[in-house]
Amino acid sequence: MANLTERQLQAWLKAGKVIAGKSDGDGLTFTLSRAGTASWTLRYRLAGRARELTLGNYPDVSLQDARKLARQKRARVDDAVDVAAEKQRQKAAQRQPGTVAELIEQFLEKEIRPRHKHPKRVESLFERDVTPKIGRLAVEEVTPGHIDRMLRAIVEDERPTVANDALRLVDRVFKFAFKRGMASNNPVAYFELADAGGLEAGRTRRLTRAEILALFSAIRNAGQAFTRDNALAVALLLTLAVRKMELLAAQWSEFDLTGGIWRLPAGRSKTAIGIDIPLASSVLDWLRELQVRACGSPYVFPARRGRTRFPHVSPDTLNAALTSLKHGLDAFTVHDLRRTARTLLASLGVSSEVAERCLNHKLRGVEGTYNHHDYFEERKQALGLLASLVVALEHGEEFNVVPIRGTKAG
């Protein structure tokens, strides 16, 4: 409930007495400094931390206007937006950048955050591979040599795809600066992919059944060095054919364990298309085990450290675990498990249209235009058969179930 009146404010202003903070309710606070400056502040908490946002000076911003501004900002806070940090970013975006780090922040604020579904991925690349190398340099100081050394460091770390991404993004940053008069040249202009990670061929890596047997054997032999959460994540990725972060960032509110359905929302799907995923009995068993292990967290795979950028497990955790696992197989990525699942579905006689819908792919061509059947029952049968295969391989057993169409199992 509002507590302050215009009469009070005028009286305090006339008296000129310092006021550290008088509340108008719901976080809106009036202060008066020793120098006679009266101002409005919104006090709020976000993620357990106390924060403040200056709304303006009184009487330039009236009591009525301050209340209106406070309601607007409070609504943003209720949506988990740090309005104070947002204001600082906007101020930084108005300044002429002195360093590359400041230029990158303006680029993120104007080009990435408003338009990208997952801006954190772009921010993380800058934070890890670009800003530490060239962030402190003045924008006009950057030479092609600086760019080359930055790219070489990423390539030497055996991350050629990331080097290509860094090249593309830094090129966009300097084009952004050049068009707005913030830079007189683009030091990335004459670089090509061959100067970074090279041309990227489409990946074809998938694990054979023998390799999956070997992988699960290595996981069992690793014991606690490869955690149970990681082992269950591998099994679920092979069984459900979903993308890594669709699984690792999943919340329990998306699951109907009684009905055996995972309702993956459009907002968390790479294709922005939601899908109901049928869950086999073995998958439900794994999920119930994870529910116990989550210890009340709203996330299926909660963050494993107290202080982390993510409320769920880090996107790099499973990658790092598989890289350190001594499995003796040719190198593969987490995303290759999805390709493996698709290949296993084919080997089990699952038709192409059903297998593609299992992966939440839109059917191509005329079929995709006119066929909007979601194949739920067909997907339930296909994913149930795939789950039986993965369970057998996890236990180191042979799999003798007859494929759906009598296709010879590979």
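The values are calculated or read from the model by the stated rules, or taken from the named source; none is laboratory data. None of these values were measured; they are calculated from a predicted model. No Cβ is skipped: glycine too gets one built from the backbone with ideal geometry, and neighbour counts run over all protein chains shown. Quick note on the areas: whole protein, heavy atoms, side chains included, nothing else; ligands and nucleic acids left out. Shrake-Rupley method; radii C 1.70, N 1.55, O 1.52, S 1.80 Å.
Things worth noting here:
- Lone unmet requirement of (1) among the small types (Gly, Ala, Ser); (2) farther than 18 Å from residue 74 by Cα; (3) under 43 Å from the mean Cα position of the chain (by Cα) for residue 50: (2)
- Restricting segment 193-215 to residues that are under 23 Å from residue 385 (Cα atoms) and open to solvent by 10 Å² or more (accessible area, probe 1.4 Å), the residue that is farthest from the chain's Cα centre (by Cα): 210
- Here segment 32-45 is the region considered, the condition is being in contact (Cβ under 8 Å) with a residue 24 or more places away in the chain and closer than 16 Å to residue 9 by Cα, and the residue that is surrounded by the fewest Cβ atoms within 10 Å (Cβ to Cβ) is 38.
- Test set (1) aromatic (Phe, Trp, Tyr); (2) within 15 Å of residue 360 (Cβ to Cβ); (3) part of a helix (DSSP H, G or I) - residue 216 fails condition number: (2)
- Meets criteria (at pLDDT 95 or above and under 20 Å from residue 160 (Cβ atoms)) for residue 172: yes
- Of all residues making up segment 213-261, the number that are in contact with an Asp or Glu (Cβ under 6 Å, 6 or more places away or on another chain) and of a type in the set (Phe, Trp, Tyr): 1
- Looking only at segment 357-370, and only at residues there that are of a type outside the set (A, V, I, L, M, F, W, C) and open to solvent by 40 Å² or more (accessible area, probe 1.4 Å), the one that is modelled with the highest pLDDT: 361
- Within segment 138-166, the set of residues being in a loop (DSSP other than H, G, I, E, B), open to solvent by less than 50 Å² (accessible area, probe 1.4 Å) and without any contact (Cβ under 8 Å) to a residue 12 or more places away in the chain is empty.
- Strands (runs of 3 or more DSSP E) contained entirely in segment 1-117, each with at least 1 residues that are modelled with pLDDT of 85 or more and of a type in the set (D, E, K, R): 19-25, 38-46, 49-58
- Qualifying residues in segment 326-345 (those that are assigned to a loop (DSSP other than H, G, I, E, B) and within 17 Å of residue 248 (Cβ to Cβ)) - the one least open to solvent (accessible area, probe 1.4 Å): 334
- Applying the criterion of being assigned to a helix (DSSP H, G or I) and over 24 Å from the mean Cα position of the chain (by Cα) to the residues of segment 167-192, the residue that is nearest to residue 131 (Cα to Cα) is 174.
- Residue in segment 115-131 that is under 30 Å from residue 24 (Cβ atoms) and open to solvent by 80 Å² or more (accessible area, probe 1.4 Å) present: no
Listed here are the residues, each with its yes/no results for (1) within 30 Å of residue 184 (Cα to Cα); (2) touching a Gly at 6+ places or on another chain (Cβ under 9 Å); (3) not acidic (Asp, Glu).
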site	(1), (2), (3)
17	no, no, yes
37	no, no, yes
54	no, no, yes
70	no, yes, yes
82	no, no, no
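- Residue pairs whose Cβ atoms lie under 9 Å apart, sitting 6 or more positions apart in sequence or on different chains, and linking a residue in segment 60-87 that is at positive phi to a partner that is open to solvent by 70 Å² or more (accessible area, probe 1.4 Å) and modelled with pLDDT under 90, are 80/47.
- Hey, residue 278 crowded, with 16+ Cβ neighbours inside 10 Å, under 19 Å from residue 121 (Cβ atoms) and in contact with a Lys or Arg (Cβ under 8 Å, 6 or more places away or on another chain) or not: no
- Residue 256 loosely packed, with under 15 Cβ neighbours inside 10 Å and closer than 24 Å to residue 386 by Cα: yes
- Boolean, residue 330 is of a type outside the set (Gly, Ala, Ser) and within 22 Å of the chain's Cα centre (by Cα): no
- Test set (1) in a loop (DSSP other than H, G, I, E, B); (2) closer than 26 Å to residue 162 by Cβ; (3) under 21 Å from the mean Cα position of the chain (by Cα) - residue 246 fails condition number: (1)
- Number of the condition not met by residue 134 [criteria: (1) open to solvent by less than 60 Å² (accessible area, probe 1.4 Å); (2) within 20 Å of residue 189 (Cβ to Cβ); (3) out of contact with any His (no Cβ under 9 Å at 6 or more places or on another chain)]: (3)
- Checking each residue in segment 302-314 for being surrounded by fewer than 18 Cβ atoms within 10 Å (Cβ to Cβ), modelled with pLDDT of 85 or more and closer than 17 Å to residue 121 by Cβ picks out 311, 314.
- Selection count where residues are open to solvent by less than 60 Å² (accessible area, probe 1.4 Å) and within 15 Å of residue 6 (Cβ to Cβ), scope segment 46-65: 4
- Residue count, segment 106-144 (criterion: charged (D, E, K, R) and more than 14 Å from the chain's Cα centre (by Cα)): 11
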